[in-house]
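Accompanying notes for the structure given below.
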Amino acid sequence: MAEKSIVKNLDISGIDQSVFLGYSDRKLKKIESALSAKITVRGSTIILRGTPDEVEAAEKVFTELILLYNRHKEFDERDIDAIISVLGKKSNGGEAERLEHQEWAPILYTKDSAIRAKTPAQAKYIDKAAQNDLTFAIGPAGTGKTYLAVALAVANLRDRQVSRIVLTRPAVEAGESLGFLPGDLLEKVDPYLRPLYDALSDMLQFDKLQRYLDTKIVEVIPLAYMRGRTINNAFVILDEAQNTTPKQMKMFLTRLGIGSKAIVTGDITQIDLPPGTESGLIQAQAILSDVAGIDFVYLSENDVVRHRLVRDIINAYNAHNAQK
């Protein structure tokens, strides 16, 4: 017996339909080709017809597109591809399919995909960062510590929860070895900051990112430049925190001002400090674990989202260290 067809109306009043639907309804046609529900537009109403599953899938796609339009007053066909690939697409039986990890809502849509938690521990990380003003994310390489932190910062800036983003890293060799390099200190430590620029480039269009950098809405700076500042209404990220000394960690944490949130990321298995120097990240775990408004999240090799070999490499090193 065929499943009963239903109808759902979506209101798009106040939306510029030439932008939302595209020239000659080009965007609408793209959505129609990917979904099984029948879609018509009458005035400021989008009418969805199909089985309950088909209509539900189409409604979720349009709801996300409306949210995206309301935030930016525009979106392109790449945004449509990203949303449809995450929320629902036509299957052989005409029913909506959910992709893996659909239970975790996207943090941010990029030009190529949706950024979301891919493991339960990553979902916990995102949840704790929303609940607390200061979150520590500790885990091995490839677990998304930095990438998710930058995505959360961009999402908070987009939603006007903060007015700027500050990203910082310690330059553990900012002594004699950097002295031989040309340029000022910022130019010398640029290789240390490059991973932060790369993450930002994935999430913001080039012209927007350049404008944010020029106007200091987004700052990417070495940790030494944080001294003496009070940072209000900002999303602040300290990356590679295992390479801070206790004094540097305390200095960073006491820079936070009113309306600011911070995430501290690090891998305590990859400390590059001189022998005998205590890591500020390890000390912070002992000192701050019971402070209200601060939480620690621990990621493991099970949360690695890079090449499959990264997880195996981490496991091999862990086994070797355990034997030693």
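The values are calculated or read from the model by the stated rules, or taken from the named source; none is laboratory data. These numbers come from a predicted model, not from an experiment. Backbone-built Cβ (ideal geometry, glycine too); neighbour counts: all protein chains shown. Only protein heavy atoms, including side chains, enter the accessible area calculation; ligands, DNA and RNA are left aside. Shrake-Rupley method; radii C 1.70, N 1.55, O 1.52, S 1.80 Å.
Quick rundown of the values:
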quantity	calculated
Any hit, segment 54-64, residues being within 26 Å of Arg160 (Cβ to Cβ), at pLDDT below 90 and either touching a Ser or Thr at 6+ places or on another chain (Cβ under 8 Å) or surrounded by fewer than 17 Cβ atoms within 10 Å (Cβ to Cβ) (or both)	yes
Odd one out for Tyr298, checked against (1) open to solvent by 70 Å² or more (accessible area, probe 1.4 Å); (2) more than 27 Å from Gln161 (Cβ to Cβ)	(2)
Cβ pairs under 8 Å, 6+ apart, first in segment 127-142 and closer than 17 Å to Ser300 by Cα, second among the polar types (S, T, N, Q) and open to solvent by less than 20 Å² (accessible area, probe 1.4 Å)	Lys128/Thr135; Phe136/Thr265; Ala137/Thr265; Ile138/Thr265
Residue in segment 51-58 that is more than 11 Å from Val7 (Cα to Cα) and among the hydroxyl-bearing types (Ser, Thr, Tyr) present	no
Residue satisfying all of: in segment 301-321; under 30 Å from Lys261 (Cα atoms), open to solvent by 40 Å² or more (accessible area, probe 1.4 Å) and part of a loop (DSSP other than H, G, I, E, B); modelled with the highest pLDDT among these	Val305
Residues of segment 243-291 classified as touching a residue at least 24 places away in the same chain (Cβ under 8 Å) and not in a helix (DSSP H, G or I), total	24
So Thr45, is it polar (S, T, N, Q) and modelled with pLDDT of 85 or more	yes
Index of the failed condition, Thr254 passing every other in (1) surrounded by fewer than 19 Cβ atoms within 10 Å (Cβ to Cβ); (2) touching a Lys or Arg at 6+ places or on another chain (Cβ under 8 Å)	(2)
Members of segment 24-49 that are assigned to a helix (DSSP H, G or I) and on the phi > 0 side of the Ramachandran plot	Ser24, Asp25
Where Asn92 falls short, out of the listed (1) at pLDDT 85 or above; (2) among the polar types (S, T, N, Q); (3) assigned to a loop (DSSP other than H, G, I, E, B)	(1)
Residue within segment 124-143 that is over 16 Å from the mean Cα position of the chain (by Cα), among the charged types (D, E, K, R) and modelled with pLDDT under 90 present	no
Whichever residue in segment 7-23 is assigned to a helix (DSSP H, G or I) and of a type outside the set (Phe, Trp, Tyr) and, among such residues, is surrounded by the most Cβ atoms within 10 Å (Cβ to Cβ)	Gln17
Candidate set from segment 100-123 (those that are under 17 Å from Leu67 (Cβ atoms) and of a type in the set (Val, Ile, Thr)); member that is modelled with the lowest pLDDT	Thr110
